[in-house]
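Peer 1: One structure is given below, represented as structure tokens, and several questions about it will come after.
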Amino acid sequence: MGQDGFRAEEIDTSRPHPARIYDYLLGGKDNYEVDQRAGDALAAAAPEVRIGLRANREFLRRAVRYVVGSGVRQILDIGTGLPTSPNVHEIAHEVAPDVRVAYVDNDPIVSAHADALLSGSGANSIVLADLRDPRAIVDHPDVRRVIDFDEPVAVLLVAIVHFLTDADEPERIVATLRDALPAGSFLVLSHATGDFADRTDAQAVYSKATASLNLRSRAGIERFFEGFELVDPGLAQAPFWRPDSPPPARSEEIGFYGGVARKAH
Ligand SMILES: C[S@@+](CC[C@H](N)C(=O)[O-])C[C@H]1O[C@@H](n2cnc3c(N)ncnc32)[C@H](O)[C@@H]1O
């Protein structure tokens, strides 16, 4: 049972879930046949998808190292996904062992795997909540137990905002989170795009899943950073955001943008 009282048997295995499709494509074991079929269909529609997801994960690693290296000691990771190696708190602790992480996901399977996410210092929490209600996240007692909103926070929205439709008003959602943050905080955001290839078939795979895939253009994604200042190199294709090793083959096809921005005031 997860911290929020969700039982593993309450997990829906009849429809593919984003967290489990992602886990499957990254080579994980926490997925079901429906997710494997959806993952295979995604890989058929977008042959570079596995490289893209790994590049997204590598972007996450570099971005977390960057924000912790900039002095931030609190991370709010919304859309955590299933445990993978290394998890956000493990990446952060390599730079500074006193970083605290609040993990948030709306899929009960993530809280069912809380043990791996809560390993280590005990300074982490995992919360079952939905990004579409950002106020509930900011006010959640288990978020507040770990995150002090009077001190800089890095909010991670990595590969999650594309699961919000325009009707969900994602700009308003990100702005609500931004307004809860003090100056010196960071937004780390990555987002799927069709700017580099036609991804209509990939989108169709998600029509049967629990969340739709909403691709956005560079301009559409840059809008999420309003009220923040993007750090160099700005919004970039994931492998080209401050790379610390040569970008993998076919990087220019990868349909993920990533960016890190600081709240100045
Ligand atoms: C593709 S995974 C990304 C995992 C991790 N952030 C990364 O980039 O490696 C997206 C995660 O967002 C979660 N998610 C999707 N929509 C959400 C929502 N509205 N509220 C909270 N979590 C959501 C999914 O359950 C899934 O675990």
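Peer 1: For the ranges 59-67, 191-199, what's the packing order if you count other beta-carbon atoms within 10 Å of each residue, average per peptide, and put the highest first?
Peer 2: Values: 59-67: 22.4, 191-199: 18.9.
Packing proxy ranking, top to bottom: 59-67, 191-199.
Peer 1: Mind ordering 206-217, 157-168 by average Cβ neighbours within 10 Å, highest first?
Peer 2: 157-168, 206-217
Peer 1: Moving on to the next point. What number in nm² do you get for region 70-181 if you take the convex hull of its Cα atoms and divide its surface by four? Let's see the in-between values first.
Peer 2: Numbers: hull surface 26.8 nm².
So the mean shadow area of the Cα hull is 6.7 nm².
Peer 1: Along the charge dipole of the chain, pointing to its positive end and built from +1/-1 on Cβ of Lys, Arg, Asp and Glu, which listed residue (Ser212, Ser190, Pro248) has its Cα farthest out?
Peer 2: Pro248
Peer 1: Then there's this: Can you compute the charge dipole magnitude of region 154-201 about its Cα centre, using +1 on each Lys and Arg Cβ and -1 on each Asp and Glu Cβ, nothing else charged? Give it in debye, rounded to the nearest 20.
Peer 2: On the way: 3 positive and 8 negative charges, 55 e Å.
For this selection, approximately 260 debye.
Peer 1: Determine the distance separating the Cα centre of region 106-120 from the Cα centre of region 10-48; give it in Å without decimals.
Peer 2: One Cα centre to the other: 18 Å.
Peer 1: Measure off 7 Å from each Cα along the Cα-to-Cβ vector at Ala43 and Ser212, then give the distance between these two points in nanometres to one decimal.
Peer 2: 2.8 nm
Peer 1: Further, regarding this structure: Compute the distance from the alpha-carbon center of region 210-252 to that of region 137-159, in whole Å.
Peer 2: Measuring centre to centre over Cα atoms gives 22 Å.
Peer 1: A further question on this structure: Given charges of +1 on the Cβ of Lys and Arg and -1 on the Cβ of Asp and Glu, with all other atoms neutral, how large is the dipole of the chain about its Cα centre, in debye to the nearest 20? Let's see the in-between values first.
Peer 2: Values: 28 positive and 40 negative charges, 83 e Å.
The dipole of the chain has a size of about 400 debye.
Peer 1: Report the FRET efficiency, 1/(1 + (r/R0)^6), for Asp201 and Asp12, where r is their Cβ-Cβ distance and R0 is 30 Å, rounded to 0.05. Display every interim value, and only then the final one.
Peer 2: Numbers: r = 24 Å, r/R0 = 0.81.
Between Asp201 and Asp12 the formula returns 0.80.
Peer 1: Translational diffusion coefficient of the chain at 25 °C, 0.890 mPa s, Stokes-Einstein with Kirkwood Rh over Cα pairs, in µm²/s as a whole number.
Peer 2: Numbers: Rh = 18.4 Å.
Roughly 134 µm²/s, to the nearest whole number.
Readers should treat all values here as calculations from the given coordinates under stated rules, not as data from a laboratory. As the structure is a computational prediction, the values presented were derived from the model and not from experiment. Methodologically, a virtual Cβ is constructed for each residue, glycine included, from the backbone with ideal geometry; neighbour enumeration extends over all protein chains shown.
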